[in-house]
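The values are calculated or read from the model by the stated rules, or taken from the named source; none is laboratory data. Everything numeric here is computed off the predicted structure, so don't read it as measured data. Neighbour counts run over all protein chains shown; Cβ positions are idealised from the backbone, glycine included.
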Amino acid sequence: MKLILNIFRSVRTTNILIFILMGILFAGAIVMPLFPSYREINNTNLFRWLSGVPLSESWWLYLCILIIGLLIINTIVCSIESIIKKDRTKRWPLVISPQLIHLGFAFIMLAHFLSSYMAAHGFMVLQEGQGIKFRNGDTLYLERIDYSIQKGYITDMAVLLKYVTSDGTAIKLKSSPNHPAIIRGTGIYLKDMDIMSAKRVLIQISRDPGAIWALVGGILFIMGTTLLVTLKIKQDAL
Amino acid sequence: MILILQPLLYATTFFWQKSIFIAILVQTGYMIYRGLTLGRLPLIGLHDTLLFLSLCTAVLSIPFMGRFSKQKGFFLYIAFLSAVFSSIGILMKPSTMPLPPVLNTFWFEFHVVLSFLSYGLFGIGAILGIIFFLYKASSDKKITEALQYRTILTGYLLFSLSMIFGGIWAYFAWGTYWLWTPKELWTTLLWLTYTLYLHLRFRQWWRGKRIVLTGIAGYVIVLFTYLGVGLLMKSSHSF
């Protein structure tokens with residue numbers, strides 16, 4: 001037990017794990033374009049995608065999850081030890097800033113886990129007047145497509161939607177690129193538009209429960225790094 | 001004419017150091033002109049981004065110039081990098097297309113600007129690594145190594161911020177803050193490289209030439225992530 005603890009509280013372990021993770025991502029970047037199965041990876045959540053893909057194509061992702069898991073344990077153990085060791089120091093910002101960074105990292109990884117397990121994405125092509133019924137009985141109608149063109153390119157586009165709940169309540173929504181309509185925690189995204197043949201749009205429905213935790217992690221990470229940069233520049237004044 | 005002038009002025013720094021400031025002014029003027037003509041930040045495609053990277057590298061090196069006023073190598077390497085980037089940049093076709101709706105957001109602008117500012121700092125970090133090997137005195141080496149660390153740490157902050165802004169933008173644009181594409185993997189690999197650099201420095205054995213070399217190696221990954229991945233692999237990024 002003590003041996004395992006010693007391994008996990010070592011910065012050397014951190015360095016080895018980061019190096020291995022870099023190698024795995026390098027392998028992943030080479031493997032991804034080789035298999036057609038990767039075209040679907042962003043259309044569903046990671047764990048669902050993994051369950052339908054042979055190990056010979058997805059091995060590096062399992063390794064990636066394993067190493068990140070070990071890295072999180074290493075991060076938590078190192079942080080706890082650092083706080084205990086440096087408890088008496090008066091320069092608490094220098095103690096706290098790396099821990100904020102580590103906490104931010106842990107939140108971002110938690111977010112990835114939630115997204116990999118629970119995120120859902122659906123795609124549909126709709127024309128004006130068409131609708132789609134969801135499993136909960138709610139219906140989404142596409143009421144109007146708006147766009148503007150400049151030099152032959154679409155420079156702006158939006159769709160007006162009507163969301164009708166199963167009890168008959170109608171809610172008007174608008175979705176445009178970078179401004180999704182959000183309803184009941186689900187985003188309705190306008191992904192693409194075809195005005196050449198039929199006037200139709202590609203709509204994406206997405207729910208990503210990890211996103212908020214990734215944001216929390218990102219804020220903590222940046223707070224910690226900013227504090228560390230400020231302190232290090234002051235401390236190591238040359 | 002103003003295009004050719006940019007790498008030429010950076011190259012002139014080899015003979016007259018102060019021409020780097022004229023190069024910066026000319027390049028800034030060109031970028032502003034392009035921005036005003038297009039009605040947006042000129043940061044789409046290799047032409048604009050290479051020129052912006054060239055400018056970032058030169059501008060961010062200004063605070064170091066006082067310290068390295070007697071070390072001509074620093075100016076020469078900065079000028080060399082900026083000249084190379086702007087030379088390739090002017091050969092690329094400038095994008096004149098209107099901004100696609102998905103790029104019309106300040107999250108995208110922050111994401112790109114911060115990326116290139118961090119690339120500029122990582123480039124300066126690599127140059128400081130080369131300067132480290134040019135110095136003979138151990139005191140000079142120690143100061144240069146510490147400067148490389150501070151430069152890379154600041155670059156790391158900006159790069160992390162850029163990744164977070166990229167994630168926010170991706171969430172609003174595509175419904176997820178992360179996409180599995182080779183570009184995202186290489187960006188994470190780059191972030192891990194500098195995370196490793198910052199952690200390796202905790203170990204005494206790595207201090208000195210080993211850590212400095214890691215800082216130089218990191219820049220090779222920067223260049224591949226920016227240019228290599230965009231040109232060789234299919235990705236959500238056009239650069």
**Message:** Residues that are surrounded by 16 or more Cβ atoms within 10 Å (Cβ to Cβ), touching a strand residue (DSSP E or B) at 6+ places or on another chain (Cβ under 9 Å) and in contact (Cβ under 8 Å) with a residue 40 or more places away in the chain: does the range A:63-79 have at least one?
**Reply:** no
**Request:** With the checklist (1) more than 7 Å from chain A (Cβ to nearest Cβ); (2) without any contact (Cβ under 8 Å) to a residue 12 or more places away in the chain; (3) farther than 28 Å from residue B:58 by Cβ in hand, flag the one item residue B:137 doesn't pass.
**Result:** (3)
**Asked** Looking at this structure, is residue B:34 of a type in the set (D, E, K, R) and part of a helix (DSSP H, G or I)?
**Response** yes
**Complete:** If we keep only residues of the range B:153-191 that are crowded, with 22+ Cβ neighbours inside 10 Å and not in a helix (DSSP H, G or I), then the residue nearest to the other protein chains (Cβ to nearest Cβ) is B:175
**Fill in**
Considering residues that are of a type in the set (D, E, K, R), within 25 Å of residue A:110 (Cβ to Cβ) and more than 10 Å from chain B (Cβ to nearest Cβ), the number found within the range A:183-238 is 1
**Asked** Is it fair to say residue A:79 is touching a helix residue (DSSP H, G or I) at 6+ places or on another chain (Cβ under 6 Å), assigned by TED's automatic domain parsing to the domain that holds residue A:12 and under 30 Å from residue A:135 (Cβ atoms)?
**Response** no
**Message:** Residues to consider are A:148, A:115; find the one that is polar (S, T, N, Q) and part of a strand (DSSP E or B).
**Reply:** A:148
**Prompt:** Among the residues of the range B:173-193, is any hydrophobic (A, V, I, L, M, F, W, C), touching a strand residue (DSSP E or B) at 6+ places or on another chain (Cβ under 8 Å) and either closer than 25 Å to residue B:109 by Cβ or touching a residue at least 24 places away in the same chain (Cβ under 8 Å) (or both)?
**Reply:** yes
**Subset of the range B:20-41 (residues that are in contact (Cβ under 8 Å) with a residue 24 or more places away in the chain and surrounded by 15 or more Cβ atoms within 10 Å (Cβ to Cβ))** = B:20, B:23, B:24, B:26, B:27, B:30, B:31, B:34, B:38, B:40, B:41
**Asked** Are there any pairs with C-beta distances below 6 angstrom linking a residue in the range A:151-170 that is closer than 17 Å to residue A:130 by Cα to a residue that is assigned to a loop (DSSP other than H, G, I, E, B), with the two at least 6 apart or on different chains, and if so which?
**Response** A:165/A:138
